[in-house]
Every structure is written in C-alpha cells, then in structure tokens.
C-alpha cells in the first residue's frame, strides 16, 4: 500500500472516530437531560414504531424468502412427493422410491451352513424400513393381492391396492403440507424480528448510557452553567462597581457652585449664616470624599447617614422654610453594614422630584430601624408624588439600586416603593442586618 493511500485511510479513520465521539457525547447529553418518565415514554414509542416498520417493510420480503426455501426443499405434485434427496412416486400400482445417487452398491458376503451368498445392504435397509412402515399403514377393506416389494437398479417398487395407495398419497400430502407450514412458521419467527431486536438493543444501550453517564453529564452541564452564571455575575459586579464609582465621584457641579455662591452672598449679608453653611459644606465633603477614594461594596450606615444629613443641612439653608427635615438615626445602628451611595440617591430623588418642585415645599423623613434580623432604612417625602412633574432624568437611579441589592444580597434584600399619605413617595430598603467590617 502506497503512503498516500495510508494517509487517506488514517484521515478517514480519524474523522470517523471524531464524528462517533461527538455523536456519542451529544447523545449522552440529550439522554441525560430527559427525565426518567420521558425516557420510558420514548422507549415505548420507539419499540412500537419498530414493530410497525418491521411489519410494513420487512415481513413481506421475509415471507417471500421463506417460500423460496420451502419450494427448494419441498416439491409436491399430484402424483409425486420429493423430500430432501428421496423421491416418492405414488400411482395406482403402489409406491416407487427412488434411491439417492450416493447410496451406491454396498454389498457384503454372508456365509452359513448352506454356503455363501452376496447380499445388497441397501436393499436390506430399504426392505426393513418398508416392512416397519407397512405395519403402520391403514388397511384396505377391498380384497386384492398382497403387497409386494420389487427392487430395481435405482428404485424400490412397493405394490399396493389402489384404495390404499390413494389413502397413502393423501396422508403424505397432508404430512407434507403440515411440515411446510411448521417450517414456514419457524423460519418466519427466526428471521423476521431482526429489526425489532436491533431497536431493543438500542433502547438497552440508551438506558445504560443514561444510568451510567447521566450523573457525569449532568455534573458537567451544571458546572458549565455555574461558570456562565459566575462570569455573568462578575460582569454585573464590575458594571455595578463602575456605576458606584461614577456615583461616588459625582459631586454635582451645579450643587457645589450654587452652595459656594450662596456662601459668598451670605458672607456679605449674613456672615453667621454663611459660616454655618460653610461648616455644613465641609462636613458634607468630609463624608463624601472617603467614598470617592474607596471601592468597597459595603460601608457602615453611620457614614452614609452623616453624608445624607450634611447634604440636607446644606439644602435647608438654600430652601430655608420650604424644607423640613425629620431625621431619626439610632446610635446602635451606626455600625450596621450598608451599601454606599444608595441613601444619597434616594434623598436626591425626593428633593429633586418631590419637594423642590413643590411651591410650598414639604418634609423629608429619614428612618433607620431594626425589625427582627432585617435592617430597614426609609426615605419619604410629602412632595408632589409620582409623575406630577415631567422629569429630564434617565430613570436609572432606582433601577441601579435594585440591581446592586440583588448582586450583593441575592434574594435576601428588597427595595419597596409606595405612595406616601397624603402625598409624596415612600422608599424603603430592607437588607439583612450585619455589622460592618
């Protein structure tokens, strides 16, 4: 075999093995994903389909083959019956048996008191069989000459009465028909079920594959899903951290500029009030700047509350009597763990969309409380409420808070938004209570 042909054969074998490997893996994966009741339902439907296909496409062909075999091994006619290599001819004079060619002329020499004689062994065998058979044959009621046996060169002639010969011919015909039917049924049973047997082996193979490899395949699929989930959560965490950093770094320029302008104006008109606003601005920046430098997923509630309080005090100096602050922060909850910048976003939303656009202003309430093992922080206002004034914001602030809560606490945290009475909005963040590190 030349090298080129060898390389071609090797390539074909490698391709075939690779295809079989892929097919096996895909089949194992598909079978393992099926539940057991679905697998058994599939097996029943497959076996039923195999039976229908077998009876439709293969049974007729097998029957033709069996009939050809029967015609070859058993040939019948009105006056003769051939079974294997012996031919029986029946006529009105009796039965004529033609011996096979391989019978030959087997002879032996017998010696007794009268001398020696040559005896044909085949003739003796035939004669003994004929005599034993004649004893079982039905007797005729018609008186006629006794049966006789005449040995020819290639055959044996058994003389019988006509009625007896007809009865024997009928019996032999019935026996031949019965033998043909039995042989046909036996051959059909043996050869016509091969397709169903193949499908049965296939079902057993799939059962073994599911029982032995199902756990391994399911574990691999779960590992893949876990890796995909981990990668997705990692990407979400990175996006959330980037958004948090953006929020932490975002000290709105107009807010700082307006506050500084107010300080400058108050220095000329009301120096004590300007000094107070300046102290509030310093407190606010002192609370905000550490958050801008850090990149932690959690901080403590006390720091967040101080930042919110400094922000509200600055706004109070700007809005004066239009803004009332109801701020309750228990000291024993200051060390509780809490995500950064969430409260700042809630307070900004309440001021911007609820109280600042209201002519007479209103009250902003801040509540932190512990209920069982849950920390609840609520920011509410009695402003205009949902959708009273068109907003030019992106609407992503609250959605970002929801995604961050889900990313950090899974299903153990929630944000509840509800209308406040008599007007305004109430937003509550509920997280598991734990101490900050």
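What follows is calculated from the coordinates using simple rules that are stated; it is not laboratory data. Computed from a predicted model, the values in this text were never measured in an experiment. Positions of Cβ are backbone-derived with ideal geometry, glycine not excepted, and every protein chain shown enters the neighbour counts.
Residues 2, 51, ranked from the fewest to the most other C-beta atoms within 10 Å, line up as 2, 51. Listing 429, 168 from fewest to most neighbouring C-beta atoms within 10 Å gives 168, 429. Arranged from fewest to most other beta-carbon atoms within 10 Å of their beta carbon, 24, 207 become 24, 207.
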